[in-house]
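Below: one structure, written as structure tokens.
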Amino acid sequence: MAAAPPRKANPPAASPAAPARHLAGRLSGKVSSVLARASVSVGFDRALAREDIWGSLAHARALLAIGALSGEDFRAIQRGLGEIRAEIGSGAFHWDEALEDVHMNIEKALIAKAGEAGAKLHAGRSRNDQVATDELLFLKKTALRQRGFLLDLREALLARAEEVGEALAPGYTHLQRAQPVLLAHWLLAHQEAFARDADRFLSLEGRLKWLPLGSGALAGTSLPIDPEIAAAALGFASPARNSLDAVSSRDALLEYLAFAAILAVNLSRLAEEMALWSSAEFGFLSFPDSLATTSSMMPQKKNPDGAELLRGKAGRVIGSLVSLLVVVKGLPLSYNRDLQEDKEPFLDAASTLDLSLPLAASLAREATFNLPRLREAASDPFMAATDVAEALVLRGTPFREAHREVGALVAFALERGISLLEVTPEDFLSFCPQGDPALLRRLGPEDLTRARGSTLGGTAPERVRENLARASARALAERERLIAEIRERDLLLQALLETGEGTP
Ligand code: ARG
């Protein structure tokens with residue numbers, strides 16, 4: 001038998017073939033291949049390409065205004081960036097990992113197209129203020145789009161609330177039947193949560209006011225650039241007030257991730273209820289086949305995978321928030337390369353919500369409610385117990401006493417195997433001496449929901465109708481506002497590509 005070949009030592013982790021640097025500065029032309037591999041971000045930060053181009057166009061305007069670019073340079077840059085934008089859009093652009101990130105890829109391509117003019121563009125700018133700018137622009141765009149998705153979902157819930165009218169559903173606490181509610185009330189409850197999510201996104205957009213561009217690497221630039229030019233061109237209220245903060249803060253991304261995590265959690269709660277309600281045990285709703293899957297083994301299965309995936313996606317959004325919090329925690333000012341690790345959690349959370357929100361809207365739109373079954377579950381007579389106690393309160397019994405009396409009455413009925421509303425008038429009076437036994441005949445589920453009119457957000461049909469009208473009017477106003485905001489933003493950015501030739 002041949003002797004075993006000698007064991008090889010582990011190959012060195014880094015291949016000795018050191019790649020050339022795209023930026024050398026004072027360094028030798030070669031970089032360790034492990035560092036090169038760790039440095040590459042273009043695989044994910046190319047998602048910021050459009051924003052990088054908008055930022056460059058705005059910066060070019062500021063350079064033009066101080067004569068650091070001639071009119072001809074400016075036009076060459078504008079044309080070159082326009083072409084690059086189109087190539088990226090069509091997929092024709094060649095992304096080169098050796099160039100590390102989206103910024104260097106675009107700059108290199110611009111220099112190839114515009115020559116010396118392209119080489120002038122990075123004056124007074126660093127990738128530190130550049131990437132922070134790209135991210136804020138991307139964040140604005142994302143929050144705006146997702147407010148639109150949130151509106152789609154809210155409108156779906158509102159339409160279902162309208163459609164189901166005064167249909168009843170059991171309301172739960174502790175996942176035990178508690179009191180009947182209108183099914184519309186349940187739909188509007190989820191809608192409320194998503195309206196708050198939309199508010200949070202809107203408030204976040206309101207805080208994206210300070211433009212990092214112009215902050216340079218950390219301290220600003222010695223070039224006499226007017227930073228207001230880029231701020232106005234990109235729709236920011238003002239250049240950032242502190243350059244150290246501007247290049248190193250990731251608060252806005254953290255805030256987005258926190259809001260995204262809350263939204264994902266709200267989505268997961270809707271998803272959980274829908275999945276639960278679709279089980280045979282509940283039988284309150286069913287999904288169309290197009291929104292269900294089967295088992296690879298059990299041919300009879302119809303599984304609510306859409307709802308489950310929606311529920312599961314919340315995990316990764318929460319993970320993204322935690323990842324970025326941990327990256328930023330304890331970082332000294334100002335920019336540190338750790339910050340490159342902000343992009344994957346941010347981009348992943350954004351694309352997860354881009355998927356989850358339309359999925360939730362489809363589930364909400366297309367689920368079929370089993371109204372008879374919901375009504376039957378809402379008609380559990382024991383759910384009238386609180387109303388019996390409250391009726392006693394109106395006749396002068398202190399609530400704690402009423403609670404005890406009705407508790408004993410419930411126990412008596414359960415022991416007899418009869419429903420709460422089937423107790424004889426004599427038995428009723430023996431437990432609740434101040435009560436009116438005729439009350440028991442007026443405690444069907446409709447009576448119980450109708451009785452809740454004094455609570456502004458209660459489940460009485462007229463309150464639910466009012467709240468539905470209010471929520472619908474609000475959604476409509478938000479839709480109009482959103483359309484106006486998107487139009488305004490598109491016009492602003494389009495102007496960067498189309499106008500400004502030879503003008504500051
Ligand atoms: N790709 C880098 C990032 O995302 C861009 C900034 C690089 N800055 C630097 N000083 N190396 O953070």
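Readers should treat all values here as calculations from the given coordinates under stated rules, not as data from a laboratory. Note that the structure is predicted; figures quoted are calculated from it, not measured. All Cβ positions, glycine included, derive from the backbone under ideal geometry; neighbour counts span all protein chains shown.
Computed from the Kirkwood radius of its Cα pairs, the Stokes-Einstein diffusion coefficient for the range 160-273 at 37 °C and 0.692 mPa s stands at 185 µm²/s.
The angle between the Cα long axis of helix 102-114 and the longest principal axis of the Cα atoms of the chain comes to about 40 degrees, rounded to the nearest 10.
Relative to one another, the C-alpha centroids of the range 240-254 and the range 435-460 are positioned 55 Å apart. Compared with the direct C-alpha span, the chain from Arg479 to Leu244 gains 80.8 nm at full extension, assuming 0.36 nm per residue.
Annotation for the range 232-307: trypsin sites (Lys or Arg not before Pro) lying in DSSP loop with at most 10 further Cβ atoms inside 10 Å of their Cβ are Arg241. Over the range 16-141, the ratio between the Cα radius of gyration and 2.2 N^0.38 Å evaluates to 1.07. The antiparallel fraction among DSSP beta bridges confined to the range 96-252 stands at about 75%.
Lysines near Lys329 by alpha-carbon distance under 21 Å, same-chain residues fewer than 8 away left out - which ones? Hits, sequence-local ones excluded: Lys343. Each eigenvalue of the Cα gyration tensor of the chain, multiplied by 5 and square-rooted, gives one semi-axis; in descending order these are 60, 29, 20 Å. Between Arg337 and Glu466, residue separation times 0.36 nm minus the direct Cα-Cα distance comes to 41.1 nm. Between the range 17-55 and the range 56-80, how many Å separate their Cα centres? Centre-to-centre distance over Cα atoms comes out at 25 Å.
Evaluating kT/(6 pi eta Rh) at 25 °C and 0.890 mPa s, with the Kirkwood radius of the range 335-463 over Cα pairs in the Stokes-Einstein relation, gives 131 µm² s⁻¹. Take Ile66 and Arg177, extend 7 Å from each Cα along the Cα→Cβ direction, and tell me the distance between the two endpoints in nm. Each label point is offset 7 Å from its Cα along the Cβ direction, giving 7.5 nm. Here Lys120 is the anchor, and the aspartates and glutamates within straight C-alpha reach of less than 13 Å, apart from those fewer than 8 places off in the same chain, are Glu72, Asp73, Glu107. Arranged from fewest to most other beta-carbon atoms within 10 Å of their beta carbon, Phe382, Phe369, Phe412 become Phe382, Phe412, Phe369. Going by the alpha-carbon gyration tensor, a ≥ b ≥ c the square roots of its eigenvalues, is the range 332-399 rounded (a/c under 1.5) or, if a/c is not under 1.5, prolate (a/b greater than b/c) versus oblate? The shape class here is oblate.
The long axis of helix 71-90 is offset from the longest Cα principal axis of the chain by roughly 50 degrees. For the chain, the 222 nm mean residue ellipticity estimated from helices alone, with every DSSP H stretch of n ≥ 4 adding -39500 (n - 2.57) and the total spread over all residues, rounds to -20000 deg cm²/dmol.
In this calculation the C-beta distance from Ser279 to Glu376 is compared with R0 = 22 Å, giving a FRET efficiency of 0.85. As a rough guide to protection, the peptides 61-67, 327-333, 202-208 ranked by mean Cβ packing within 10 Å, highest first, stand as 61-67, 202-208, 327-333.
Note on Trp210, Trp186: ascending count of other Cβ atoms within 10 Å places them as Trp210, Trp186, the fewest first.
Along each principal axis, taking the top coordinate minus the bottom one, the Cα set of the range 388-504 gives 95, 30, 22 Å in descending order. Could you check what % of the DSSP bridge pairs in the chain are antiparallel, to the nearest 5? That works out to approximately 85 percent antiparallel.
Sorted ascending by nearby beta carbons within 10 Å, beginning with the fewest, Tyr172, Tyr256 become Tyr172, Tyr256. Expressed as an acute angle from 0 to 90° and rounded to the nearest 10, what is the orientation of the C-alpha long axis of helix 49-65 relative to the principal long axis of the chain? Long axis of 49-65 versus the principal axis of the chain: about 50 degrees.
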